[in-house]
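The values are calculated or read from the model by the stated rules, or taken from the named source; none is laboratory data. In this text, all values refer to a predicted model and were calculated from it rather than measured experimentally. Because the Cβ atoms are built from the backbone with ideal geometry, glycine has one as well, and the counts that use them run over all protein chains shown. These area figures cover heavy atoms from the full protein model, side chains too; ligands, DNA and RNA do not enter into them. Shrake-Rupley method; radii C 1.70, N 1.55, O 1.52, S 1.80 Å.
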Amino acid sequence: MGSFSLVMLVIVALVVFTVFKGVRIVPQGYKWIVQRLGKYHQTLEPGLNLIIPYVDDVAYKLTTKDIVLDIPSQEVITRDNVVIIANAVAYISIVQPEKAVYGIEDYEHGIRNLVQTSLRSIIGEMDLDSALSSRDQIKALLKHAISEDIADWGITLKTVEIQDINPSDTMQTAMEEQAAAERQRRATVTRADGQKQAAILEADGRLEASRRDAEAQVVLAKGSEESIRLITQAMGEEEMPVVYLLGEQYIKAMQELAESDNAKTVVLPADILGTVKGLMGSKIKS
């Protein structure tokens, strides 16, 4: 009796275990791949599912939620032979788990390599300036390049983003030196232009001053001529008009001499009229 009870207990346990193996509850956001005798049989959807115990086996469990793949940084050479560092991030979704499992050994590794290869090819056809300023264009080209390939693996590419795209350390140093040289060049040009304009303005000032001095001399000469004419009309043809004007100029010259810094003592002759006449005589003789 005791042996029969033990056998029944074993049978009940085996039935319970068999039923347990035949019932599969798939959580939301996942799909399970079932193999029958080592061969793909079906894909279990979220919820309650029944399989044949000991014949069917859940071989793979895949998520149907979006997966974020970080694409490692890599060196990329542009069309103008500049080395830049670029990395990206891809957002994918598995829509056909059986293809993702049986179509490629490791779909994550495959997508990373595919994105890196396509990124090198796309940037390699761009100049440095275009590569640094065309993230949206690179993103669109990259998505177009890999979408069809990963579709064969039952995977949809939601989007791909360029995280960083920067010149290498050596190139950044060279660009900074070039920028500093350009700023220095512009400063030198600006300084030279300022000096040129200042010199032009100074020359224009001197020219204008000389023109004004010449005009002033002409005005003074005309004034002297008019003075002589008026004095001559007033005093007749005698020598007094000339003596008067020469005397005026003589006194003015003595005054300027007295006011100069180098002058010590200025002695005026007692007979200014005689002196002026003597000057006039020497002028006539000469």
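The set of residues from segment 77-89 being open to solvent by 30 Å² or more (accessible area, probe 1.4 Å) and in contact (Cβ under 8 Å) with a residue 12 or more places away in the chain comprises Ile77, Arg79, Asp80, Val83, Ile85. Being part of a helix (DSSP H, G or I), farther than 30 Å from Asp106 by Cα, open to solvent by 70 Å² or more (accessible area, probe 1.4 Å) and modelled with pLDDT of 65 or more holds for only one residue in Glu248, Glu215, and it is Glu215.
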